[in-house]
1. Under the √(5λ) rule applied to the eigenvalues of the Cα gyration tensor, what semi-axes describe the equivalent ellipsoid of the range 173-451? Give them in Å, descending.
2. Taking the alpha-carbon centroid of each part, what is the distance from the range 246-299 to the range 348-382 in angstrom?
3. How far apart, in nanometres, would the label points at Val362 and Ser420 be if each is projected 7 angstrom from Cα along the Cα-to-Cβ direction?
4. Kindly state, to the nearest 0.05, the FRET efficiency for Glu242 paired with Ala383, given R0 = 30 Å and r defined as their beta-carbon distance.
5. Compute the separation of the alpha-carbon centres of the range 147-223 and the range 303-341 and state it in Å as a whole number.
6. Sorting check: for 379-388, 337-346, which peptide has the highest mean count of neighbouring beta carbons within 10 Å, and how do the rest follow?
7. Would you mind computing, in nm to one decimal, how far apart the modelled labels at Val165 and Ala311 are, each placed 7 Å from Cα along Cα→Cβ?
8. How large is the Kirkwood hydrodynamic radius of the range 249-312, counting all unique pairs of alpha carbons, in Å?
Amino acid sequence: MAVCLKTEAAVGERTRLPEPGPPVQDLTLKAAGTPSPHQIEAMRRVSMPLQDLPNLRVQGSVLRTNKRKLRGSVSEGLDSECTPRELIQPCSPTLKHQRPACKGKENDGEQFVLARRSRRKKESVSGVSLDHLPDELLLRILFCLPLRDLLRTSAVCRRWHRLAVDECLWRSVDLEGLIHVGPALQHVLKTGVRRLRCPRSFMEELHLSDMSSLQLVQMDMSNSTIPTPALESIIGGCRLLEYLSLEGLQLSDAIITSLSENSRLLQLNLSGCSGFSAAALAHMLDSCSCIQQLNISWCSFSSQHVKSVVAHLSSSVTHLNLSGYRENLTLEDVKVLVTRCTNLQILDLSDSTLLMADCFQVLRQLGRLVHLSLSRCYQIHLAALTDVGQMFPLLGLLDMFGVVHTSHMAALKKDVPHISINSKPFSSIARPTPAGRPGDGTMWYQRCRLRFKL
């Protein structure tokens, strides 16, 4: 009995019970009689402050063993009137949040595996992508684009750049009237262009490198401003030329010599050119034996240049413009010309002031002549034209501007009714653009596919 009183007294001191109410020992004895050691320990723990409670982790095994008994004792102690209210709180262990089970094949086993799921493939857009088309089909599409759009297309990606510079797209290019044509011309020449039209363009001093083995077949550089060294580089790399017009340009012996390497040359226009010697011209005419049309009018020629022309022309020439040599073309030169070129069909000897009416007796040897031009040959009398119809049975066009006036036109037409007189004031021999249509954009009756528009 004394032990119980000491225990109860100790419990009362620790819990600091309030004054009102019956003594602790009476309640304890009345409620439970003689307390057991387990009940005394439980009451002691409940009545202790929170900071004086022993570490539960250390006595985890004891708590697990006396779990049920402890619950009963705590509930009995908390139900007493002497327990402070701040201790009467629902004691519930903290619930741990359970992670949802991950669904996936990689977590089916006991060992956890961290893996990256494969991304879903994007649904393909309806239609056909250009990236899936073969090169042949893309080239066919690019073939329909103008020059500006083709240049923009080349900047899309590497594949499109490779296709955009393919030589099959650059076989025919027109750069007419382009200012500072140097960079563009160098780019075009590297693409393997076959037909190049570049008249009335301006090119600054620029050294065109790597111009060997050009694929040019037709080229028109008429009336352009281009340095002679640059032109030498271009012509020096040509071996396949068939149609060439360098009208109004400053040339050199190197250019004329390079032209002799083009044995398949058919039409050559050197009208108004200068800067080359008679010897270089003679060598070129001997080498280019396939020339059919030659326009070499109004050049800065001496009498020696004229003699070199008539003495080295090939018999294959059918169209010849040798006009503009007022005092350098003589009747003897005409005789040599007729002897060598018996197949002439169109002949222009205008502005040859030394020719007189006796030249018709020499020219009548040309039995295939269909167009004759003797404009401004002022020493030819009008009376000599009455027998032209009999001398030239195939003649259909006769140009005598400056010789036949309008007042004499009606009488002359009665004498030669089958000949059209003064109907063509401009010569079209070896010229790339038809006479009277300089702005139609054609070159030897064909348009260029890629055309630069100002």
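1. 36, 20, 16
2. Between the Cα centres of the range 246-299 and the range 348-382 lies a distance of 24 Å.
3. 2.9 nm
4. 0.10
5. 37 Å
6. Per-residue mean Cβ counts within 10 Å order the peptides as 337-346, 379-388.
7. 5.0 nm
8. It works out to 11.6 Å.
Computed from the coordinates by the stated procedures, all read-outs in this text should not be read as laboratory data. Note that the structure is a prediction, hence the values are computed from the model and not measured. Every residue, glycine as well, gets a Cβ built from its backbone with ideal geometry; the counts of neighbours run over all protein chains shown.
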